[in-house]
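Just so it is clear, none of the values below were taken in a lab; they were calculated from the coordinates. None of the values given here were measured: they were computed from a predicted structure. FYI the Cβ positions are ideal-geometry reconstructions off the backbone, even for glycines, and counts take in every protein chain you see.
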Amino acid sequence: AQVGVAIVGAGPAGLVLGNLLLDRGVDCVVLERRERAAVVGRARAGFLAPGAVETLTRNGLGDGLLERGRTHRTCRFRGEHGEFTLDYSRAGRREAHTVYPQQDLVRDLLSAFVERGGDIRFAAPVREVTRGTVRLHDGGEVRARYVAGCDGHRGVTRAALTARGTRTARWDHGVTWLAVLAAAGPSMPAVGYALHERGFAGHMARTDTVTRYYLQVPRGTDPADWSDDRIWTELATRMRTAEHGPLRTGAVLERAAVDLRCDVLERPGADRLWLAGDAAGLISPSAAKGANLAVVQAATLAPALAAALAHGDSKGLDRYADDCLPRVWRAHEFSHWMSGLLHGPVGHTPEARYGRALQYARLESLRTSRAHQDHFAESYTGI
Ligand code: APR
């Protein structure tokens, strides 16, 4: 038997796509490498822009985030000249973020998919994708009119597409973050970015009991070298707690090293294979755009696949790259700018002093210029 769409991967991209396809009467199956518990247990992003919230809500997938998500309107910057808070909900398009842990969103999307009668197979790693055939590691196979590659950055669907000549644009910021999840309440109302000559530190409020922190660390850092004590001491230094008051501390639940790398596939699909989310392009986490792009791409791909299946109308698929790429590149441009703002050079060479002075000049412009704040707000909340 042949299904309409075989979706590889049950992350935000695959699950949004699956739900939207079911809504349009398309039969689909989701194939996910990991067990269900691992899929709903992995904490990642949590910062949803209004465009993603609107897309989810309009498609009946927003109940959880509307009920339990929190509204974030401000970010705070700290540096050697003190701190300031930018209320971006009063600048630009006057929009705010919804903070909703990604694993909660994934859980909601999974329940919605199952409630709609969707077929999902866990612990079903895909080995290879050729034309309409998806081969599993256990020897099984699924035949589909279309395959949707939602298997993340190192997935097999991206490999299948690039093997056919699709080119990639790529950038490495050369920066690594130690991403920490702490059992501690927030120490600031929302997001805090700290510039420091020892490297960047970030604070992202999540829930009353869990906060995410980031520390810029050398490339190749082993997270195991960072004890709880070392993490809190370094955060206190970089977040300048001597001036601004202590952080609320707690046990470190997770620590992982994340390299700030990005890439974009020139064409996110062809013929019978179409990619969305990290499979189609990876964005560095400096502006928290990744999950948002995944949602928007899946929502663009769903009607295109449905039209192709229902009446052989491939216009949506032909337009898919042109519909997505300008937004993707705009997000990358802002993420790149953010990365430059947050990561100054480390050290005391003349070049390092020059780079840090530029960083502070940028920050000062953001603190004092209304035009700059409007532009920041538009980019920060837009996708
Ligand atoms: N077979 C089946 N499933 C696979 C395979 C495979 N060979 N390879 C990967 N997967 C699954 C992974 O286990 C994962 O559940 O694909 C899923 C990909 O999900 P994500 O990595 O969350 O990617 P995506 O849905 O594109 O969402 C991207 O969410 O977490 C953020 O940082 C991420 O912001 C980015 C966004």
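Summary of computed values
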| quantity | calculated |
| --- | --- |
| Relative contact order, percent, the stretch 271-364 [alpha-carbon distance under 8 Å, six or more residues apart] | 23 percent |
| Estimated [θ] at 222 nm from DSSP helical runs (n ≥ 4, -39500 (n - 2.57)) normalised by residues in the chain, nearest 500 | -12500 deg cm²/dmol |
| Cα long-axis angle, helix 12-23 against the chain (0 to 90 degrees, to the nearest 10) | 40 degrees |
| The stretch 327-383-the stretch 84-127 distance, computed between alpha-carbon centres (Å) | 27 Å |
| Neighbour-limited loop hits for trypsin sites (Lys or Arg not before Pro), the stretch 132-219 (at most 14 other Cβ within 10 Å; DSSP other than H, G, I, E, B) | ARG154, ARG164, ARG167, ARG198, ARG219 |
| Gyration tensor (alpha-carbon) shape descriptor, the stretch 136-184, a/c threshold 1.5 | oblate |
| Gyration tensor verdict on the chain (Cα atoms; rounded if a/c is under 1.5, prolate if a/b is larger than b/c, oblate otherwise) | prolate |
| Length-normalised contact order of the stretch 74-183 in % [C-alpha pairs under 8 Å, at least 6 apart] | 11 percent |
| Computed over the stretch 132-288: relative contact order in percent, which uses C-alpha pairs under 8 Å that are six or more apart | 34 percent |
| Dipole moment magnitude, nearest 20 debye, the stretch 284-383 about Cα centre, only Lys, Arg, Asp, Glu C-beta charged | 360 debye |
| Nonlocal amide H pairs with VAL210, under 5 Å, H built at 1.01 Å | ALA184 |
| Tensor-based shape of the stretch 47-179 (alpha-carbon gyration tensor, a/c under 1.5 rounded, otherwise prolate or oblate) | oblate |
| Charge sum, other residues only, whose C-beta stays under 11 Å from HIS244's C-beta, Lys/Arg counted +1 and Asp/Glu -1 | +1 |
| Cα-centred dipole magnitude for the chain, charges only on beta-carbon of K, R (+1) and D, E (-1), debye, nearest 20 | 320 debye |
| Theoretical FRET efficiency, 1/(1+(r/R0)^6), r = Cβ-Cβ of ARG164 and ARG93, R0 45 Å, to 0.05 | 0.70 |
| Label-point separation in nm, SER314 to ASP271, each point 7 Å along Cα→Cβ | 1.1 nm |
| Coil-residue GluC sites (Glu not before Pro) of the stretch 237-277, DSSP, other Cβ within 10 Å capped at 14 | GLU266 |
